[in-house]
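The values are calculated or read from the model by the stated rules, or taken from the named source; none is laboratory data. Bear in mind that the values here come from a model prediction, so they are computed numbers and not experimental data. Ideal geometry is used to build each Cβ from the backbone, glycine not excepted, and the neighbour counts take in all protein chains shown. Calculation scope for accessible area: heavy atoms of the full protein, side chains included, ligands and nucleic acids excluded. Shrake-Rupley method; radii C 1.70, N 1.55, O 1.52, S 1.80 Å.
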Amino acid sequence: MKILVVGAGIGGTSIALGLQRHGIEVEIVEQVRENKPVGAAISLWSNGIKCLNYLGVGEQVAALGGRMDHLSYADALTGETLCDFPLAPVHEGTGQRSYPVARADLQAMLMEAVGVENIRFGAKVVDITQDDDGVTATFADGSTTTADLLIAADGARSRTRAHVLGHDVERSYTGYTNVNGLVPADPAITGTTHWTTWVGENRRCAVMPVAGDRFYFWFDHVTPAGADVPREKVVDELRSVFGHWAPPVQKLIDAIEPGTANRVEIWDLDPIHTWVRGRVALLGDAAHSTAPDIGQGGCSALEDSVVLSGLLAAHRDDPLAALTRYQAARTERAAELVLKARKRSAVTHGHDPEATQAWYRELATEDGTGVMAGIVGNIVGGPFA
Ligand code: FAD
């Protein structure tokens, strides 16, 4: 059995790792010529880390992970702490530490684990056809590759999604834009083992530690889609939107090297429940493009990979049935995370301003129990429960 994987992001590399682990032949094709991850870092929650452990790269990801021991919320304008508590109950309750990881490090590690020589870069799939004998991908240069199955991990703007569904679907703008990047860790901003979030005015700013004494930061602000802000002007935009926020936030903005921050409009996709058509299956953002508000998009792709590779290994004699079982096993779980993230995003970003104000008041009386129950609620439900 030969499987063609389209896309070498978290989804494509992790499914390839899972298949290799089971001795299944896999070819990965990736449209870009050089890997340049969008976004600075990612929080890998326990469910995602358990998948990486299973895929054989647990030690490598632990070495890249930041040590995140505390969670704090602070008032955006005064800087006053609203709540601050240890995250140990999340790690203990789920049986696994979570790690924020710089994306470039994670991506390089996953590609290395899969074997860079197994990834064909500069290979953009432009068409897919399938029949009883196999599936054929056609590339932008006119060449073709045939395989028994094709796994499309081609991201949020997947072209393969339309092949699987038989029609196109549109993602929708959540209403906010995210600016993210990396700065040197600085205790004058917040504790170097803290995940701290400043909230107010339906916006937020947060930092998390990643390896190499760095902070991953992000800012969310409600703004129309389609603004053309050149990369070198992103820090100016942050100053104009967040310039009156508390001193640690100003320190953070000052620490950003102009031209290094990523500005990402946040779009998501209504859950879809058809992920498979014959010999073709969707995986990762191609199947469930989500807002990052609960940090579960990449973790969900890792869960897909563990489940799908396990089913294909168990049903080598009937791989099409394995794909159908994969769809049955994964769509509900992924949909639940997409909808939770959307709901969280609405509260954070003031869709109902009174609900957002109520959340700020709640944070001021929080002892950690409610917030941690929410995090654990997102984590449980994957292949390792
Ligand atoms: P992608 O990473 O998009 O990879 C798709 C790959 O396919 C790309 O390399 C692309 O070049 C390639 N490709 C596309 N089309 C073709 C084609 N036609 N031919 C060949 N190759 C093709 N998730 C978390 O778990 N935790 C977080 O904290 C978190 N934070 C986030 C913060 C932000 C701001 C954003 C935007 C997302 C965040 N996510 C997070 C979500 C996470 O980044 C994604 O879910 C994850 O990267 C999806 O991986 P993927 O492999 O499915 O898609």
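Provide a single number: the residues in the range 5-19 that are under 18 Å from Glu112 (Cβ atoms) and within 6 Å of the ligand (Cβ to nearest atom).
Qualifying residue count, the range 5-19: 6.
Quick check, is Arg214 within 13 Å of the ligand (Cβ to nearest atom), among the charged types (D, E, K, R) and either farther than 18 Å from Lys251 by Cα or open to solvent by 10 Å² or more (accessible area, probe 1.4 Å) (or both)?
So Arg214 fails the test.
Can you pull out the residues in the range 74-89 that are of a type in the set (Gly, Ala, Ser), under 28 Å from the mean Cα position of the chain (by Cα) and surrounded by fewer than 16 Cβ atoms within 10 Å (Cβ to Cβ)?
If the condition is that a residue be of a type in the set (Gly, Ala, Ser), under 28 Å from the mean Cα position of the chain (by Cα) and surrounded by fewer than 16 Cβ atoms within 10 Å (Cβ to Cβ), then Ala88 is the only one that fits.
Tell me, please, whether a residue that is within 22 Å of the chain's Cα centre (by Cα), at negative phi and part of a helix (DSSP H, G or I) can be found in the range 244-265.
No, the conditions are met nowhere in the range 244-265.
Looking at Pro383, is it within 16 Å of the ligand (Cβ to nearest atom), over 22 Å from Leu52 (Cβ atoms) and in a loop (DSSP other than H, G, I, E, B)?
Criteria not met by Pro383.
So for the range 296-306 (the condition being in a loop (DSSP other than H, G, I, E, B) and either within 14 Å of the ligand (Cβ to nearest atom) or touching a residue at least 40 places away in the same chain (Cβ under 8 Å) (or both)), does at least one residue qualify?
Yes, because at least one residue in the range 296-306 is in a loop (DSSP other than H, G, I, E, B) and either within 14 Å of the ligand (Cβ to nearest atom) or touching a residue at least 40 places away in the same chain (Cβ under 8 Å) (or both).
Looking only at the range 304-336, count how many residues are β-branched (Val, Ile, Thr) and open to solvent by 70 Å² or more (accessible area, probe 1.4 Å).
Total meeting the criteria: 1.
Taking only the range 142-179 into account, find how many residues are under 17 Å from Val29 (Cβ atoms), open to solvent by 30 Å² or more (accessible area, probe 1.4 Å) and assigned to a strand (DSSP E or B).
Summing the residues that are under 17 Å from Val29 (Cβ atoms), open to solvent by 30 Å² or more (accessible area, probe 1.4 Å) and assigned to a strand (DSSP E or B) in the range 142-179 gives 2.
For the range 20-76, which residues satisfy the criterion of being within 18 Å of Ala301 (Cα to Cα), within 15 Å of the ligand (Cβ to nearest atom) and assigned to a helix (DSSP H, G or I)?
Residues satisfying the conditions are Ser46, Asn47, Gly48, Ile49, Lys50, Cys51, Leu52, Val61.
Can you find, within the range 180-195, the residue that is most open to solvent (accessible area, probe 1.4 Å) among those that are in a strand (DSSP E or B) and touching a helix residue (DSSP H, G or I) at 6+ places or on another chain (Cβ under 8 Å)?
Taking the candidates together, the pick is Pro184.
In the range 340-373, how many are closer than 30 Å to Leu52 by Cα and touching a residue at least 12 places away in the same chain (Cβ under 8 Å)?
9
What strands (runs of 3 or more DSSP E) completely inside the range 91-141 contain at least 2 residues that are buried (at least 17 other Cβ atoms within 10 Å of the Cβ)?
99-102, 125-130, 135-139
Please go through the range 78-99 and give me each residue that is without any contact (Cβ under 8 Å) to a residue 40 or more places away in the chain and hydroxyl-bearing (Ser, Thr, Tyr), ordered by number.
Thr81
When you scan the range 311-324, how many residues do you find that are part of a helix (DSSP H, G or I) and either closer than 15 Å to Gly278 by Cβ or touching a Phe, Trp or Tyr at 6+ places or on another chain (Cβ under 9 Å) (or both)?
Within the range 311-324, residues that are part of a helix (DSSP H, G or I) and either closer than 15 Å to Gly278 by Cβ or touching a Phe, Trp or Tyr at 6+ places or on another chain (Cβ under 9 Å) (or both) number 8.
Can you find a residue that is assigned to a loop (DSSP other than H, G, I, E, B) and surrounded by fewer than 16 Cβ atoms within 10 Å (Cβ to Cβ) anywhere in the range 337-349?
For the range 337-349, residues assigned to a loop (DSSP other than H, G, I, E, B) and surrounded by fewer than 16 Cβ atoms within 10 Å (Cβ to Cβ): absent.
Being touching a helix residue (DSSP H, G or I) at 6+ places or on another chain (Cβ under 6 Å) and under 18 Å from Pro89 (Cα atoms) is the filter here, so list the residues in the range 337-380 that pass it.
Residues satisfying the conditions are Met372, Ile375, Val376, Asn378, Ile379.
Could you tell me whether any residue of the range 218-230 is of a type in the set (Phe, Trp, Tyr), open to solvent by 20 Å² or more (accessible area, probe 1.4 Å) and within 24 Å of Arg342 (Cβ to Cβ)?
Yes, because at least one residue in the range 218-230 is of a type in the set (Phe, Trp, Tyr), open to solvent by 20 Å² or more (accessible area, probe 1.4 Å) and within 24 Å of Arg342 (Cβ to Cβ).
Identify, from the list Thr223, Thr274, Thr290, the residue that is modelled with pLDDT of 95 or more, away from the ligand (no atom under 12 Å from the Cβ) and closer than 30 Å to Thr145 by Cβ.
Thr274
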